[in-house]
Amino acid sequence: MKDELKLANQVCFPIYVLAKEMVNHYRPLLEKLDLTYPQYLVMLVLWEERKQTVGELGEKLQLDNGTLTPLLKRLEQKGYVSRIRSDKDERIVNITCTDLGISIQEKACGIREQLLSSMEIATADILALKEIVNRILNKKS
């Protein structure tokens, strides 16, 4: 077998495993907020900007509407967001962070530090990794 086809020589495989591992470390931290990891990502965007369209959220999170819509419905059922169709264009759905959604933001503070602690990695190392990943994705860090 050619060396290039060995699993141990693949760059994508450890990245894939790391992504799964990180989500597994987030899970117990997010359970306290009654959030899944994808729901947490939506809330991070809404905590920055309280109102977004579904399209804007999808663009920022790189998720399509088919993935995002069920996520948003579940967040609405939990009372964290409200979904309201635009009066001007019915195709546009505005997502707004509710008071309850805002209230869990305070509880989310410290999750990053808890994650780093559970993964036993230094902040500098994770920031260096983030910078490399952003470079690969051709985005600003």
Conditions (1) surrounded by 13 or more Cβ atoms within 10 Å (Cβ to Cβ); (2) among the small types (G, A, S); (3) out of contact with any Ser or Thr (no Cβ under 9 Å at 6 or more places or on another chain); number of the one not met by G66: (1)
Those residues of the range 22-48 which are more than 21 Å from N65 (Cα to Cα) and either of a type in the set (K, R) or surrounded by 12 or more Cβ atoms within 10 Å (Cβ to Cβ) (or both), in sequence order: M22, V23, N24, H25, Y26, R27, L29, L30, K32, L33, D34
Close pairs (7 angstrom Cβ cut-off, 6 or more residues apart or separate chains): closer than 20 Å to I102 by Cα and assigned by TED's automatic domain parsing to the domain that holds V93 in the range 62-82, in a helix (DSSP H, G or I) and among the polar types (S, T, N, Q) anywhere: L71/Q39; R74/Q39; L75/Q39
Some residue of the range 123-135 being of a type in the set (A, V, I, L, M), within 17 Å of the chain's Cα centre (by Cα) and assigned by TED's automatic domain parsing to the domain that holds P14: no
Single residue of the range 13-48 satisfying the filter (within 15 Å of the chain's Cα centre (by Cα) and outside any helix (DSSP H, G or I)) that is farthest from I102 (Cα to Cα): T36
Flag for Y16 being aromatic (F, W, Y) and either outside the structural domain of T98 (by TED's automatic domain parsing) or touching a residue at least 60 places away in the same chain (Cβ under 8 Å) (or both): no
I84 being modelled with pLDDT under 95, among the β-branched types (V, I, T) and closer than 27 Å to P14 by Cα: no
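One line per residue, one yes/no per condition, for (1) of a type in the set (A, V, I, L, M, F, W, C); (2) touching a strand residue (DSSP E or B) at 6+ places or on another chain (Cβ under 7 Å); (3) under 22 Å from R112 (Cβ atoms); (4) at pLDDT below 95:
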position: E31; (1), (2), (3), (4): no, no, yes, no
position: D34; (1), (2), (3), (4): no, no, yes, no
position: Y37; (1), (2), (3), (4): no, no, yes, no
position: R50; (1), (2), (3), (4): no, yes, yes, yes
position: Q62; (1), (2), (3), (4): no, no, yes, yes
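The values are calculated or read from the model by the stated rules, or taken from the named source; none is laboratory data. Keep in mind that what you see is a predicted model, and the values were worked out from it rather than measured. Cβ sites come from the backbone with ideal geometry, for glycine too, and all protein chains shown count toward neighbours.
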